[in-house]
Amino acid sequence: MSDTALPAAATTPPAAPAKEETPFRRFVRSFVEDRLALFGLALFLLIVLLAIAAPLIAPQNPYDLASVDVMDSRQPPGAVSGEGFTMWLGSDGVGRDLLSGILYGLRISLMVGAFSGILAATIGAAIGLIAAYNGGRTETIIMRLVDLQLSLPSVLVALILVAALGKGVDKIIIALVMVQWAYYARTVRGSALVERRKEYVEAAQSLGLSHARTVFRHILPNCLAPVIVIVTVQTAHAISLEATLSFLGVGLPQTEPSLGVLIANGFQYMLSGSYWISVFPGFALLMTIVSINLVGDRLRDVLNPRLEK
Amino acid sequence: MKTFSTNGLKALKLAILAAPVMTIAGLASAQELKIGLSAELSAMDPHYHNVSPNNMLARHIYEPLVGQDEKQTLKPLLAESWKAIDDTTWEFKLRQGVKFHDGTPFTADDVIATMQRAPNVPKSPSSFSAYVRGKEFTKVDDFTVRVKTAAPAPLVPTDLSTFGIIPAKCKDTTTEDFNLGKCTTGGTGAYKQAEYVAGDRVVLTPNENYWGGKEPWSKVTFRMITSAPTRVAALLAGDLDVIENVPTSDVARLKGDAKLNVASTVSNRVIYFHMDHFREVSPFIKGKDGSEIKNPLLNLKVRQALSMAINRPGIVDRIMEKEAIPAGQLLPDGFFGTSKKLKPVAFDLNGAKKLLAEAGYPNGFKMKLHGPTNRYLNDTKIIEAVAQMFSRLGIETEVETLPSANFFTRASQGGQGNVPEFSFILVGWGAGTGESSDSLKALLATFDPAKGMGATNRGRYSNKTFDAKLVEALRTVDDAKRDAALAEAMEISMNDVGLIPTHYQLNTWASRKGVKVQARTDEYTLATGIRKE
């Protein structure tokens, strides 16, 4: 173990990384060049941290009905609850502390976004690769299916799916995956079609490697850059789609509110002056989506070979 | 060719005639009335669907024999008077000189035709048959009708106040043709049907020859705007003159607006929880460890504990924003057939915990509550608040809310063998007749659809003492005695916690200054009750 590691370290001259940086380092360097993207990344990490730490920092568990009291309802920001803690962002129509609601809501939003993004990317990329590699009838069928899927408005499809599947985080994720896989399939197929004709693929094939190995070990890594960009954009989209579904009343249950449910609950009070019930969760949702999009935009610039200096 | 030219000539004449009429309408445009409704109608056919929005709109065009005033007290309408000749026969004297919209005179034949049509409309989601069946209608002369029943039936006039009389000519008109305005004879009402766009609007024009006098509005447009904030915004923007069902969160603000009037009155609608009384093992109730347990709701002490754990003043104050009244029975005090002894159950968490322990559930159990969304004022918030209160009692409570249409089908017949599916539900009931027999019969009488009993008894509550008292009341013709018997039946069922009432809604209307709305207990928004100040 140490025998192999030591000579490797010894033979690498200390100056080498500066001259010949690794692709990853170059990627990091060009990413941080954009201050806005860096800000977005910092904000996103902060939001993730807050969401993970929610049970530790939230003054109330908003999912525990016994700890929420209707007598605390519609309190303005800064009011003190019946249990004695200060509700810095006020409370909603059933007495839920909004700060706690938002922190827990972020957990759901991020989880929904991440899971549906990763699942849709995996499924979509696999289908896209199969279409590009096999060609012929398989490709035609898959790509017409993709066209069909992309021609339908995603909110509508998700609405119908969730209405059929029922309420719950898992069902929302399933619906979002079914709405979003087509974007990945289309993109990966485009890249894979180009890659398939390249010499390294022919080399792999003439070495007698299996189809699966050729596709997943050789073609796939070369198609990943655009997928990473779409994952960020689609994650943001998934989060807002979940909020939309919850706002329309088909997403998550009332007693386990996501940001969309919190916004919907406050909508009724907008005209009557209790602005905070909708505005604060809306702001949290906005910040989450903006931060992801800032990161996604920069990733697109960095990973796009055509924009390279 | 000939017909074509005559038609052309007619059209020209019409245009010439219409020009001055339009100018007059233009001058009088201030007299147009625009009303925002909170629910959609399902048809313009007055007998298709027994549901408040339909009945309310039909009332403008097709008048019933017997009317109901703003407090739902009966008053003469197409029948000038009525009396019981003996225990099982009623005689109605019809108003003379009344004409339908096209000038056809109204007679007893129209009444007989209506009674044939009303209970038999195809595909009716909720039929008027309960009000007509078991009654034999005979024409004595052109302006006298007799109603014969098998048993004493004191509620015949009330029953006949629920649906409108159509002309005999339209007795075979289909629901679709009513929607298209093909019953051109029209009704006898103060307004005529001018336009109906499903899910969007209904336009009415005044009946110039109405027997009750001419209406002050040149045109009345009902717009169906189901989203409450949108309705309020449309009133504030001046697009509407009147809105119904003002959301509770906006009442205080609208009352403070100098450019608006707000009118409200107590409603005949009670919001209540119905529970599973008929299954040994209820599908949405489990032990704390998730195991199957015997349905605890069969135990009176558990039901009492649940009722006691609900903080009714808290719900009224914090969720309904004081636009409601805590409920102790099925109709507010003062309505016919209500008890003076029943008061809202007082909130007592410790007392409730004690009762639950005595019943053998010191550690509570798990229960899932179900309710509709956007059916009643603040419905999802109420169910969530009650879930909080039950959680404090030690019952692990979950909440599932469903879109109304879906909810009501499943709540009535979603279970195995078309029985009610859920264990504990939030629902509401408006007493269409304005007295308590309607509510008791529908919600608490032992389920027996053939006899029209317990039609909406979604908990399948069944209590022999109560049933006997109710049947006795329904056969008592003397008003004072019937009132007392109904009150007694109410007391039996409430003390047995057949269901758990929480509050009575207030019906609230808002209108721009210069327009005054008469608040009604039955939630109806009638143009005939809207006047200039």
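The values are calculated or read from the model by the stated rules, or taken from the named source; none is laboratory data. Everything quoted here is computed from the prediction, not taken from an experiment. Cβ sites come from the backbone with ideal geometry, for glycine too, and all protein chains shown count toward neighbours. Note: accessible area is taken over every heavy atom of the protein model, side chains too, but ligands, DNA and RNA are not part of it. Shrake-Rupley method; radii C 1.70, N 1.55, O 1.52, S 1.80 Å.
Here residue B:112 meets each of (1) open to solvent by less than 30 Å² (accessible area, probe 1.4 Å); (2) modelled with pLDDT of 95 or more with one exception, condition (1).
Do we have residue A:268 as at pLDDT below 90 and either basic (Lys, Arg) or farther than 21 Å from residue A:171 by Cβ (or both) here? So residue A:268 fits the description; yes.
Looking at the stretch B:486-506, is at least one residue farther than 26 Å from residue B:344 by Cα and hydrophobic (A, V, I, L, M, F, W, C)? If you could, list the steps in order and put the result at the bottom.
Start the filter on the stretch B:486-506 by keeping residues that are farther than 26 Å from residue B:344 by Cα, which leaves none.
There is no residue in the stretch B:486-506 that is farther than 26 Å from residue B:344 by Cα and hydrophobic (A, V, I, L, M, F, W, C).
Out of the stretch B:234-255, which residues are within 11 Å of another protein chain (Cβ to nearest Cβ) and surrounded by fewer than 18 Cβ atoms within 10 Å (Cβ to Cβ)? B:252, B:253, listed by residue number. Residue check, residue B:282 against (1) within 27 Å of the chain's Cα centre (by Cα); (2) more than 14 Å from chain A (Cβ to nearest Cβ), all met but one. Which one? (1) is the only condition that residue B:282 fails.
Answer yes if at least one residue in the stretch B:295-305 is open to solvent by 60 Å² or more (accessible area, probe 1.4 Å) and assigned to a loop (DSSP other than H, G, I, E, B), and no otherwise. The answer is no; no qualifying residue exists. The set of residues in the stretch B:158-207 being part of a loop (DSSP other than H, G, I, E, B), more than 11 Å from residue B:100 (Cα to Cα) and open to solvent by 40 Å² or more (accessible area, probe 1.4 Å) consists of B:171, B:172, B:174, B:180, B:182, B:198, B:200.
When the stretch B:448-488 is filtered for residues that are over 25 Å from the mean Cα position of the chain (by Cα), in a loop (DSSP other than H, G, I, E, B) and under 27 Å from residue B:412 (Cα atoms), only B:463 remains. Counting only residues that are more than 14 Å from chain A (Cβ to nearest Cβ), touching a Pro at 6+ places or on another chain (Cβ under 7 Å) and buried (at least 21 other Cβ atoms within 10 Å of the Cβ), how many does the stretch B:208-229 have? Count: 2. In the stretch A:159-169, is there at least one residue being at pLDDT 90 or above, over 21 Å from residue A:239 (Cβ atoms) and open to solvent by less than 60 Å² (accessible area, probe 1.4 Å)? Checked the stretch A:159-169: no residue is at pLDDT 90 or above, over 21 Å from residue A:239 (Cβ atoms) and open to solvent by less than 60 Å² (accessible area, probe 1.4 Å).
Taking the criterion of being within 18 Å of the chain's Cα centre (by Cα) and open to solvent by 10 Å² or more (accessible area, probe 1.4 Å), would at least one residue in the stretch A:190-197 satisfy it? Don't jump to the end; show me each part of the working.
Pass one, the stretch A:190-197, residues within 18 Å of the chain's Cα centre (by Cα): none.
The answer is no; no qualifying residue exists.
When the residues of the stretch B:274-286 are filtered to those that are over 24 Å from residue B:439 (Cβ atoms) and in contact with a strand residue (DSSP E or B) (Cβ under 7 Å, 6 or more places away or on another chain), the one that is surrounded by the most Cβ atoms within 10 Å (Cβ to Cβ) is B:285. Residue count for the stretch B:512-533 satisfying the condition of being surrounded by fewer than 23 Cβ atoms within 10 Å (Cβ to Cβ) and out of contact with any helix residue (DSSP H, G or I) (no Cβ under 8 Å at 6 or more places or on another chain): 10. The residue of the stretch B:437-450 that is surrounded by the fewest Cβ atoms within 10 Å (Cβ to Cβ), among those that are touching a Gly at 6+ places or on another chain (Cβ under 7 Å) and more than 23 Å from residue B:334 (Cβ to Cβ), is B:448.
Keeping to the stretch A:62-90, report how many residues are free of Cβ contacts under 8 Å to residues at least 40 places away in the same chain and within 29 Å of the chain's Cα centre (by Cα). Number satisfying all stated conditions: 2. Residue A:62 satisfies every condition listed in (1) open to solvent by less than 40 Å² (accessible area, probe 1.4 Å); (2) assigned to a loop (DSSP other than H, G, I, E, B); (3) more than 14 Å from chain B (Cβ to nearest Cβ) except (3). Across the stretch B:307-339, the qualifying residues are those that are at positive phi and away from chain A (no Cβ under 11 Å), and the one among them that is surrounded by the most Cβ atoms within 10 Å (Cβ to Cβ) is B:337. For the stretch A:21-59, taking the residues that are surrounded by 14 or more Cβ atoms within 10 Å (Cβ to Cβ) and not in a helix (DSSP H, G or I), the one that is farthest from the other protein chains (Cβ to nearest Cβ) is identified as A:34.
Just checking, does the stretch B:502-525 include any residue being assigned to a strand (DSSP E or B), more than 30 Å from residue B:35 (Cα to Cα) and among the β-branched types (Val, Ile, Thr)? Within the stretch B:502-525, one or more residues are assigned to a strand (DSSP E or B), more than 30 Å from residue B:35 (Cα to Cα) and among the β-branched types (Val, Ile, Thr). With the requirement that a residue be over 30 Å from residue A:33 (Cβ atoms) and open to solvent by 20 Å² or more (accessible area, probe 1.4 Å), what does the stretch A:281-309 give you? The one that is over 30 Å from residue A:33 (Cβ atoms) and open to solvent by 20 Å² or more (accessible area, probe 1.4 Å): A:282. In summary, residue B:103 fulfils each of the numbered conditions (1) surrounded by 14 or more Cβ atoms within 10 Å (Cβ to Cβ); (2) in contact (Cβ under 8 Å) with a residue 24 or more places away in the chain; (3) not acidic (Asp, Glu) with the single exception of condition (1).
Among the numbered conditions (1) out of contact with any His (no Cβ under 7 Å at 6 or more places or on another chain); (2) farther than 14 Å from residue B:337 by Cβ; (3) surrounded by fewer than 18 Cβ atoms within 10 Å (Cβ to Cβ), the only one that residue B:463 does not meet is (3). For the stretch A:79-136, taking the residues that are among the polar types (S, T, N, Q) and open to solvent by less than 20 Å² (accessible area, probe 1.4 Å), the one that is nearest to the other protein chains (Cβ to nearest Cβ) is identified as A:91.
Select from the stretch A:248-280 the residues that are hydrophobic (A, V, I, L, M, F, W, C) and surrounded by fewer than 20 Cβ atoms within 10 Å (Cβ to Cβ) and write down the one among them that is farthest from the other protein chains (Cβ to nearest Cβ). The extreme case among them is A:279.
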